[in-house]
Amino acid sequence: MNDAHTLYVITGPTAVGKTQLSINWALEHNAEIISCDSLLFYQGMDIGTAKPDASQLSQVKHHGIDLVPVNEQYDVSRYLEYTSKKVEEIHARGKRVLITGGSGFYLKCFFAPVVDDVEISEELDEKVNSWFAAEGLSGVAIRLLALSPDAEHLIDMQNSRRVLPALKRCMASGKTVSALQDAMNQRDYPFARYVKQVILLVRSDESLRNNIRQRTRAMIQQGLIDEVKNLLENGLAENPSACNSIGYREVISMLNEEFPRDELEERINHNTWQLVRKQRKWFRHQLKADTEIDLDEWTLDEQALFETNE
């Protein structure tokens with residue numbers, strides 16, 4: 001196998017244990033890491049995203065972290081352009097590329113087309129955003145379903161980062177979500193000619209729930225509330241993708257006195273578990289893993305994770 005034409009991928013749900021395992025493998029195999037976690041793009045969102053700390057970042061060169069300020073939205077088109085360039089640069093340095101993270105839509109760009117040539121005018125963009133501000137996600141979802149009833153079965157209707165772009169693209173093209181997806185699947189994409197080796201990390205429900213509880217408690221102890229306050233001062237509320245993410249939206253609601261402080265930890269735990277369930281469903285239906293590793297039972301040498309040319 002030619003490592004210059006191979007992308008190595010370690011993925012799995014939130015709190016499964018991707019970060020340190022990826023760093024260990026990258027150290028052993030002369031690799032650099034490209035993050036496909038959609039919240040690690042934002043500067044200052046450190047505690048609530050479990051972003052690798054300074055010590056971890058110093059061990060292995062990482063890409064896709066701290067790319068833009070928190071008040072600036074980052075999308076998959078920019079990510080695709082960025083990662084295409086980074087993969088070429090890493091391989092040119094004679095190193096392997098290890099992709100890690102659990103954001104399905106961003107992970108998908110390594111396996112299939114994710115952008116098309118539908119142009120969204122500034123007027124249309126502002127119109128849909130104003131609907132979202134006035135009517136909330138439910139109002140925008142109703143508008144999308146009126147144009148594309150099939151959307152309910154094709155995208156996550158509880159995720160504003162999926163619903164808003166879908167409505168904009170349906171309005172701009174006059175097509176349904178399924179028609180847009182069919183057209184998308186016929187397109188070429190930058191990583192089509194790369195070999196992909198994919199490892200999916202899993203754990204039992206009990207183990208994951210325990211990891212989530214420990215992680216949430218640690219985040220709060222490390223200063224999540226103060227981090228959110230600081231981010232709000234720096235424009236977090238201007239970025240729907242960021243301020244509606246788990247951990248941040250619960251703290252914002254608490255700061256707005258929508259529920260008491262003593263409920264914060266459990267609300268984050270509950271919503272994180274709901275995210276894990278969605279991620280598991282995505283991995284089952286959207287990703288073909290070469291190897292699935294149960295980290296509750298795994299005892300193999302990490303060097304055996306992937307087949308490589310040593």
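The values are calculated or read from the model by the stated rules, or taken from the named source; none is laboratory data. Keep in mind the model is a prediction, meaning the values are calculated, not measured. Note that we place each Cβ from the backbone using ideal geometry, even for glycine, and neighbour counts take in every protein chain shown.
Does residue 199 qualify as being out of contact with any helix residue (DSSP H, G or I) (no Cβ under 7 Å at 6 or more places or on another chain), within 27 Å of residue 9 (Cα to Cα) and buried (at least 20 other Cβ atoms within 10 Å of the Cβ)? The answer is yes for residue 199. Taking the stretch 166-199 as the range and being touching a residue at least 60 places away in the same chain (Cβ under 8 Å) and assigned to a helix (DSSP H, G or I) as the test, the residues that pass are 180, 183, 184, 185.
Of the residues making up the stretch 104-128, those that are free of Cβ contacts under 8 Å to residues at least 40 places away in the same chain, under 17 Å from residue 163 (Cβ atoms) and of a type outside the set (Lys, Arg) number 1.
Does residue 230 qualify as being over 20 Å from the mean Cα position of the chain (by Cα), in contact (Cβ under 8 Å) with a residue 40 or more places away in the chain and not in a loop (DSSP other than H, G, I, E, B)? Criteria met by residue 230.
When residue 213 is tested against (1) assigned to a helix (DSSP H, G or I); (2) of a type in the set (Lys, Arg); (3) modelled with pLDDT under 95, exactly one condition is not met: (3).
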